[in-house]
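Q: Below you'll find the structure I mean.
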Amino acid sequence: MLHAVYAPKSCCISHSRIPCYQKPLAPVRLRVLASLPEPNGVKVEFTPWLIVGLGNPGNKYHGTRHNVGFEMIDRVSQEEGIVLNTIQSKALIGIGSIGEVPVVLAKPQAYMNFSGESVGPLAAYYQVYDEMSLPNGILRLQPKGGHGHHNGVKSVMEHLNGRRDFPRFCIGIGNPPGTMDMKAYLLQKFSDTERKQVDAALDQGVAAMRTVVLEGFGSRISRFNIGQKYKYHKV
């Protein structure tokens, strides 16, 4: 079962047109009717997923540790054929599907610490962001949680009236070495070895995201998280 944040009002979208998002006081529930009917001729209604990658806009931040959330969205866009070609609520978005489940991909165009200004109006269902508490290239999927001192996630929660019961996908970028300044570390590009680990993680992330969207959080995701935790441990 897919997780969603509900509010009294809803907004209907289809794959063929730009969604009619509104700027709400609370998260909005998006509703989409599947385009393929069941054998009995009745259309099935799916709860869509809004998949948000957190990062900073602009070429100067491309390829940095802090923008790995944007990279995950780009990889899903490429693999699933979802074109990011619309600006809505200060975010670059694309509408498509994973399997028969409708999804909206979004890259907020406000800076990281103001991500909530985009995600709040779009209504957060799913987030992808960098995580310093995880080793580089390690992935973790969670059905809910706190902000973990991540300013981008903190901004999102503030714009969702403190709600924290939305899934998140963390991509490990490791910790700064020695006494290196945290900001300098976040805005630094990956080393060649780290880049290979992150690229492999992005491929694994697309497959994991498909599983969550199509099947929800279950035993396969539990096994995925365990496998990620120990994937660089040598026996």
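Q: For Glu158 and Val101 in the same chain, what is the full-extension length gain: residue separation times 0.36 nm, less their Cα-Cα distance, in nm? Please list the in-between numbers first.
A: Working: separation 57, 0.36 × 57 = 20.52 nm, distance 2.80 nm.
Between Glu158 and Val101, full extension yields an extra 17.7 nm.
Q: If you don't mind, there's one more thing I want to ask. Say each of Gln78 and Ser133 gets a label point 7 Å from the Cα, pointing the same way as Cα to Cβ; how far apart are those two points in nm?
A: 3.0
Q: Quick one: if the Förster radius is 22 Å, what FRET efficiency do Ala200 and Ile226 give, using the C-beta to C-beta distance and rounding to 0.05? List each step's numbers first, then the result.
A: On the way: r = 18 Å, r/R0 = 0.80.
Efficiency computed from Cβ-Cβ geometry: 0.80.
Q: If you don't mind, there's one more thing I want to ask. Using 7 Å Cα-to-Cβ label points, what is the Leu214/His62 separation (nm, one decimal)?
A: Once both label points are built, they end up 3.2 nm from each other.
Q: Compute, for Ile87, the solvent-accessible surface of its heavy atoms (probe 1.4 Å) with the complete set of protein chains present, and express it in square angstrom to the nearest 10.
A: About 110 Å², rounded to the nearest 10.
Q: Could you give me the ³J(HN,Hα) list for the stretch 202-215, computed from phi with Karplus coefficients 6.51, -1.76, 1.60 and θ = phi - 60°, whole Hz, x at Gly and Pro?
A: Ordered by residue, 3J(HN,Hα) equals 5, 4, 5, x, 4, 5, 5, 5, 4, 4, 5, 5, 8, 10 Hz.
Q: In terms of modelled amide H atoms, which long-range or inter-chain residues lie less than 5 Å from the amide H of Gln88?
A: So Gln88 has HN proximity to Ile93.
Q: Counting only residues 5 or more places away or on other chains, whose amide H sits under 5 Å from the amide H of Val103 once H atoms are built in the peptide plane?
A: Trp49, Gly96, Ser97, Ile98
Q: Also, I was wondering about something else. Quick one: which residues, 5 or more positions from Leu139 or on another chain, have an amide H under 5 Å from its amide H? H modelled 1.01 Å from N in the peptide plane, none for Pro or chain starts.
A: Residues meeting the amide H criterion: Gly172.
Q: Can you work out the Karplus-derived ³J(HN,Hα) for every residue in the stretch 188-195? Use 6.51 cos²θ - 1.76 cosθ + 1.60 with θ = phi - 60°, whole Hz, and x for glycine or proline.
A: 8, 6, 6, 6, 4, 5, 5, 4
Q: How far, in nm, would the chain grow between Asp192 and Ala207 when pulled straight, counting 0.36 nm per residue and subtracting the alpha carbon separation? Display every interim value, and only then the final one.
A: Working: separation 15, 0.36 × 15 = 5.40 nm, distance 2.35 nm.
Taking 0.36 nm per residue and subtracting the Cα distance, the gain is 3.0 nm.
The values are calculated or read from the model by the stated rules, or taken from the named source; none is laboratory data. Computed from a prediction, not measured in an experiment: that's the story for all the values here. Don't worry about glycine lacking a Cβ; one is built from the backbone with ideal geometry, like all the others, and counts go over all protein chains shown. Ligands, DNA and RNA are excluded from the accessible area calculation, which covers all protein heavy atoms including side chains. Shrake-Rupley method; radii C 1.70, N 1.55, O 1.52, S 1.80 Å.
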